[in-house]
Amino acid sequence: MKNIVLMDGAVGTSLWEKATDKVPVWRYNIENPKIVAELQREYLDAGAQIILADTFAANGVEVHRESPYSVEEVVGTAVKIAKDTINGKAKVGLAIGPLTGLLAPFGKISLQTAKDLFEEQIGAGMAEKPDVVYIQTFMDLVMLKIAVQAANHYDVPVLCSMSFMGGGKGGRAASDVKKGRVAHTMMGNSVKDILEGLKDCRVDGVGINCSMGPVEAMPVLEEFKAATDMPLVFKPNAGKPTVAQDGTMGASFDIETFANDVLPAVDKGATYIGGCCGSNAAYIKRLGEKIREKLEAEG
């Protein structure tokens with residue numbers, strides 16, 4: 001049978017479902033750790049084999065701007081919560097997201113600043129010994145490489161995925177497909193660019209997350225499969241996140257639609273499969289059931 005690793009779903013939108021105060025979600029590690037642990041238990045009960053610590057955007061710039069805490073406090077506490085909650089029953093992932101803003105010359109972030117910020121954040125997390133580093137939702141290959149290189153200082157598996165631009169059926173307009181245009185990130189990085197750019201890094205899995213629903217993201221997964229034998233990551237959104245008038249978070253795809261639409265990723269070559277924005281533990285549980293049923297039927 002195929003070796004599929006079920007990942008968790010969204011952390012941010014799922015925590016906002018539980019919280020009355022909509023603050024940067026990494027603050028909950030200090031201010032409301034109960035809901036962080038509750039979400040991780042839900043993902044564990046749903047069958048997730050990799051569960052992310054609540055660390056995605058907890059870099060030095062964001063933490064110092066949005067709280068009185070240090071990166072070491074926020075990130076270290078986050079990994080500790082996850083490890084204590086999961087208690088060895090699944091792997092704990094240190095989630096690393098992109099910096100807010102662009103690298104020079106397109107923006108104001110210098111390469112050295114980016115290096116320092118990622119080394120600080122990853123170092124704070126690694127002090128609590130997570131099982132894997134998952135670098136996700138990046139749109140700039142140069143920034144991604146800086147984060148991967150920071151993670152490569154440690155003897156731990158590194159997964160990474162980027163967010164691609166899409167539109168139209170299958171993530172690209174039919175006219176784009178006919179013209180041979182390939183999927184790309186906001187900064188213009190193609191699948192080929194990403195794989196070539198990561199050749200000098202140690203990466204244990206690569207793929208796509210966020211920005212698209214499963215149907216739109218599937219052609220990007222196919223491009224990765226055609227270009228590499230590396231294990232692939234597929235973590236699409238449950239459609240576009242929605243916010244009701246009372247502030248309640250939701251997803252535009254229902255659970256069954258999401259699970260059915262993600263399932264073809266098994267045959268398209270994905271190894272690590274989960275969800276991103278809008279997909280809570282109920283989505284992951286149903287997805288896991290669908291994957292098991294498929295693999296058992298295939299023998």
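The values are calculated or read from the model by the stated rules, or taken from the named source; none is laboratory data. Predicted, not measured: the structure shown is a model, and the values here were computed from it. Don't worry about glycine lacking a Cβ; one is built from the backbone with ideal geometry, like all the others, and counts go over all protein chains shown. Please note that ligands, DNA and RNA were not included when accessible areas were found on the heavy atoms of the full protein model with its side chains. Shrake-Rupley method; radii C 1.70, N 1.55, O 1.52, S 1.80 Å.
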Fill in: Considering residues of the stretch 217-238 that are under 17 Å from the mean Cα position of the chain (by Cα) and part of a helix (DSSP H, G or I) only, the residue surrounded by the fewest Cβ atoms within 10 Å (Cβ to Cβ)
Met218
Discussion item. So if I check each of Val61, Val74, which one is touching a Ser or Thr at 6+ places or on another chain (Cβ under 9 Å), open to solvent by less than 10 Å² (accessible area, probe 1.4 Å) and in a helix (DSSP H, G or I)?
Written reply: Val74
Practice prompt. Go through the stretch 133-157 and count every residue that is surrounded by 20 or more Cβ atoms within 10 Å (Cβ to Cβ) and under 16 Å from Val92 (Cβ atoms).
Written response: 5
Response to the item:
In the stretch 1-22, anything outside any helix (DSSP H, G or I) and among the β-branched types (Val, Ile, Thr) is listed as Ile4, Val5, Val11, Thr20
Practice prompt. Kindly check whether there is at least one residue in the stretch 275-283 that is modelled with pLDDT under 95, open to solvent by 20 Å² or more (accessible area, probe 1.4 Å), hydrophobic (A, V, I, L, M, F, W, C) and in contact with a helix residue (DSSP H, G or I) (Cβ under 7 Å, 6 or more places away or on another chain).
Written response: yes
Discussion item. Among the residues in the stretch 204-211, are any among the charged types (D, E, K, R), within 18 Å of the chain's Cα centre (by Cα), buried (at least 18 other Cβ atoms within 10 Å of the Cβ) and at pLDDT 95 or above?
Written reply: no
Worksheet item: Name the pairs whose Cβ atoms lie under 6 Å apart, with the first residue in the stretch 27-38 and at negative phi, the second in a helix (DSSP H, G or I) and of a type in the set (Lys, Arg), and 6 or more positions between them or separate chains?
Response: Ile35/Lys18
Worksheet, complete the sentence: Checking Lys268, Lys235 in turn, the sole residue that is of a type outside the set (A, V, I, L, M, F, W, C), in contact with a Cys (Cβ under 9 Å, 6 or more places away or on another chain), within 14 Å of Ile208 (Cα to Cα) and modelled with pLDDT of 95 or more turns out to be Lys235
Fill in: Test result for Gln121, within 19 Å of the chain's Cα centre (by Cα) and farther than 13 Å from Leu52 by Cα
yes
Worksheet entry | Selection from the stretch 23-37 of residues that are more than 20 Å from Ile284 (Cβ to Cβ), part of a helix (DSSP H, G or I) and open to solvent by less than 50 Å² (accessible area, probe 1.4 Å) | Trp26, Asn29
Worksheet item: Of all residues in the stretch 123-141, which are assigned to a helix (DSSP H, G or I) and without any contact (Cβ under 8 Å) to a residue 40 or more places away in the chain?
Response: Gly123, Met126
Discussion item. Given the options Pro130, Pro214, name the one that is touching a Phe, Trp or Tyr at 6+ places or on another chain (Cβ under 8 Å), modelled with pLDDT of 95 or more and open to solvent by less than 60 Å² (accessible area, probe 1.4 Å).
Written reply: Pro214
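Residues checked against (1) within 15 Å of Met162 (Cβ to Cβ); (2) modelled with pLDDT under 95:
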{"residue": "Ala183", "(1), (2)": "yes, yes"}
{"residue": "Glu196", "(1), (2)": "yes, no"}
{"residue": "Arg202", "(1), (2)": "no, no"}
{"residue": "Phe224", "(1), (2)": "yes, no"}
Worksheet entry | Sole exception among (1) part of a loop (DSSP other than H, G, I, E, B); (2) under 30 Å from Asn3 (Cα atoms) for Gln40, by number | (1)
Worksheet, complete the sentence: Selection over the stretch 81-120 where residues are crowded, with 20+ Cβ neighbours inside 10 Å and part of a loop (DSSP other than H, G, I, E, B) yields a count of 4
